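Report on the structure given below.
The values are calculated or read from the model by the stated rules, or taken from the named source; none is laboratory data. Given the structure is predicted, the values throughout are model-derived calculations rather than measurements. Cβ sites come from the backbone with ideal geometry, for glycine too, and all protein chains shown count toward neighbours. Heavy atoms of the whole protein, side chains included, go into the accessibility calculation; ligands, DNA and RNA do not. Shrake-Rupley method; radii C 1.70, N 1.55, O 1.52, S 1.80 Å.
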Amino acid sequence: MSGEEEENAAELKIGDEFLKAKCLMNCEVALILEHKYEQLQQMSDDAANHVSQVFEKSQQYVKRFSRYKNPDAVRQVREILSRYQLAEFELCVLGNLCPETVEEAIAMVPSIKTKGRAHDDEAIEKMLNDLSLIKKFE
Amino acid sequence: MFFHIVLERNMQLHPRHFGRNLRENLVSKLMKDVEGTCSGRHGFVVAITGIENVGKGLIRDGTGFVTFPVKYQCVVFRPFKGEILEAVVTMVNKMGFFAEAGPVQIFVSNHLIPDDMEFQSGDMPNYTTSDGSVKIQKDSEVRLKIIGTRVDATEIFCIGTIKDDFLGVINDPAAA
């Protein structure tokens, strides 16, 4: 348990296992769950009865908080953000919350400003601009 | 945050399931056993998305059951301390409010709600700023920061705050 006590997402301390794992943005989870739900529906008529409460709640949640609905846009968001040497976790927080200003982005993901990393305000601003463009043209 | 991770589990299978459908039986049992569960370490298992591999089975002494190590990919939801996320308010009372982010419940105490927001009782209890411009009530969407998690065997429970920059209500159902 000692490892978990120092857990702090703001400093990107989320444990090795999760740091290396693939993070998913809400919009990506929405696509995955949608697909899975369709598969279940094909197998049986009352798919709704077969899914767990956790599944149902997650699906409602990601539907409500997906910033991008269109699968192409979702792919673009990941592609653009991955150009900026972000950790998976940081990438997904930015993709989920879509901050509008540099200040807000740093408040949401304090770890992008930690020393030794090449993110100045200009780079962050450019990244946010790219993100808002996708939203605009979706 | 949602993650896509690979987990491993030893599945015990009764001999009556052996035969050409063995793998299917194993997978459907795995889904039934694992989906919807929660562990402190990996969080909530939302959905299994694929099977990586099924190892060699081992016959248990005495019972005839066979144990298969199964590696599977799944989507999990795991909240972290320090993480900022969006949530839907489910209940408001004078102690604070409860919100839900997917499968996880988050409590925000009134000490962690900005001081200029006052509790208003009534049939739609809410927290409102003195000028009435911002209101938190059931079904509001809020952005909050998780400051603590409590993990027990089958549940993760979080404490959150909205008393920080860029946190608070994102949309107000009454205003929409």
Within region A:18-29, the residues that are of a type in the set (A, V, I, L, M) and open to solvent by less than 20 Å² (accessible area, probe 1.4 Å) are A:Ala21, A:Leu24, A:Met25, A:Val29
When B:Glu52 is run through (1) within 11 Å of another protein chain (Cβ to nearest Cβ); (2) not in a loop (DSSP other than H, G, I, E, B), the failure sits at (1)
Among B:Ile156, B:Ile170, the single one that is modelled with pLDDT under 95, assigned to a strand (DSSP E or B) and over 24 Å from B:Cys38 (Cβ atoms) is B:Ile170
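Residue-by-condition table, conditions (1) modelled with pLDDT of 90 or more; (2) over 18 Å from the mean Cα position of the chain (by Cα):
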{"residue": "A:Glu28", "(1), (2)": "yes, no"}
{"residue": "A:Lys36", "(1), (2)": "yes, yes"}
{"residue": "A:Arg67", "(1), (2)": "no, no"}
{"residue": "A:Val109", "(1), (2)": "yes, no"}
{"residue": "A:Lys115", "(1), (2)": "no, yes"}
Note on region B:55-79: residues under 30 Å from A:Leu12 (Cβ atoms) and either assigned to a helix (DSSP H, G or I) or open to solvent by 40 Å² or more (accessible area, probe 1.4 Å) (or both) are B:Lys71, B:Gln73
A careful count of residues in region A:85-112 that are open to solvent by 30 Å² or more (accessible area, probe 1.4 Å) and assigned to a helix (DSSP H, G or I) gives 5
For region B:26-37, pairs from a residue that is over 12 Å from B:Val70 (Cα atoms) to a residue that is at pLDDT below 95 and not in a helix (DSSP H, G or I), with Cβ under 7 Å and 6 or more apart or across chains, are B:Glu35/A:Ser52; B:Gly36/A:Ser52
Only one of A:Glu88, A:Glu79 is in contact with a strand residue (DSSP E or B) (Cβ under 6 Å, 6 or more places away or on another chain) and either under 28 Å from B:Val151 (Cβ atoms) or at pLDDT below 95 (or both), namely A:Glu88
Practice item. Might you let me know whether region B:148-158 holds any residue that is within 14 Å of chain A (Cβ to nearest Cβ) and free of Cβ contacts under 8 Å to residues at least 40 places away in the same chain? Key: yes
Scanning region B:72-92 residue by residue, those within 25 Å of B:Gly50 (Cα to Cα), aliphatic (A, V, I, L, M) and out of contact with any helix residue (DSSP H, G or I) (no Cβ under 8 Å at 6 or more places or on another chain) turn out to be B:Val76
If you go through A:Glu34, A:Glu90, A:Glu11, the only one that is more than 8 Å from every other protein chain (Cβ to nearest Cβ) and within 21 Å of B:Phe166 (Cβ to Cβ) is A:Glu90
